[in-house]
Amino acid sequence: MKWLWLSVLTVVLDQLTKKMAEAELLLHQPVALFPSFNFTLMYNKGAAFSFLSEAGGWQRIFFVALSTIISIFLFFWLKQITRDEKQKNNSLLQIAIAFILGGAIGNLIDRAMTGEVVDFIQVYYSTYYFPAFNIADSAITLGAGLLILDMFLTTKRDKTANND
């Protein structure tokens, strides 16, 4: 599994940057890096965009269990791809899964340890703020985008092969 190192790197960078954010930033006090980009320490007990953050506590167990199941699935999917001769050389798919796996594990560590995810990257335009996020979230988003790109390229490649 030649791309598993991307998952490990993602987890390490995610955890290091979260520890740095907690050590250097004050809760909800933005530090402007450049226009439309702040570092702002926040905690999220929910999922994406704070979904279920006010659910009363049961969401911690739910998200830890769900993240664990998804991480196990992604690990075995990545392992299966590297063994499958038809997909063995599909680096784009392997990279996508590796990023998603690393991001899932990065946020899983936070949820399992404290019940909330550390977010600190804040992007905004004028008075419109995108929800704060972290390196793990970025890796999941990047991986999902690469997964979609791979799907389109595979479909195009299969159509071309069928027309020949």
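The values are calculated or read from the model by the stated rules, or taken from the named source; none is laboratory data. The shown structure was predicted, so the numbers you read here are calculated from the model rather than taken from an experiment. Note that we place each Cβ from the backbone using ideal geometry, even for glycine, and neighbour counts take in every protein chain shown.
For region 4-20, the set of residues classified as more than 20 Å from residue 42 (Cβ to Cβ) and either out of contact with any Phe, Trp or Tyr (no Cβ under 9 Å at 6 or more places or on another chain) or not in a helix (DSSP H, G or I) (or both) consists of 5, 8, 9, 11, 12, listed by residue number. If you go through region 6-14 one residue at a time, do you hit one that is out of contact with any Pro (no Cβ under 7 Å at 6 or more places or on another chain) and surrounded by fewer than 13 Cβ atoms within 10 Å (Cβ to Cβ)? No, region 6-14 contains no residue that is out of contact with any Pro (no Cβ under 7 Å at 6 or more places or on another chain) and surrounded by fewer than 13 Cβ atoms within 10 Å (Cβ to Cβ). For residue 45, the conditions (1) crowded, with 19+ Cβ neighbours inside 10 Å; (2) of a type in the set (Lys, Arg); (3) modelled with pLDDT of 95 or more all hold with the exception of (3). Listed by first and then second residue, the pairs linking a residue in region 91-116 that is closer than 18 Å to residue 145 by Cβ to a residue that is acidic (Asp, Glu), with Cβ atoms under 7 Å apart and 6 or more places separating them unless they lie on different chains, are 92/150; 93/150; 96/150; 103/137; 106/14. Sub-9 Å Cβ pairs linking a first residue in region 67-84 that is surrounded by fewer than 11 Cβ atoms within 10 Å (Cβ to Cβ) to a second residue that is among the charged types (D, E, K, R), at least 6 apart or interchain, number zero. Give the residues of region 112-132 that are surrounded by fewer than 20 Cβ atoms within 10 Å (Cβ to Cβ), out of contact with any Lys or Arg (no Cβ under 8 Å at 6 or more places or on another chain) and outside any strand (DSSP E or B), sorted by residue number. Matches in region 112-132: 112, 113, 114, 126, 127, 130, 131.
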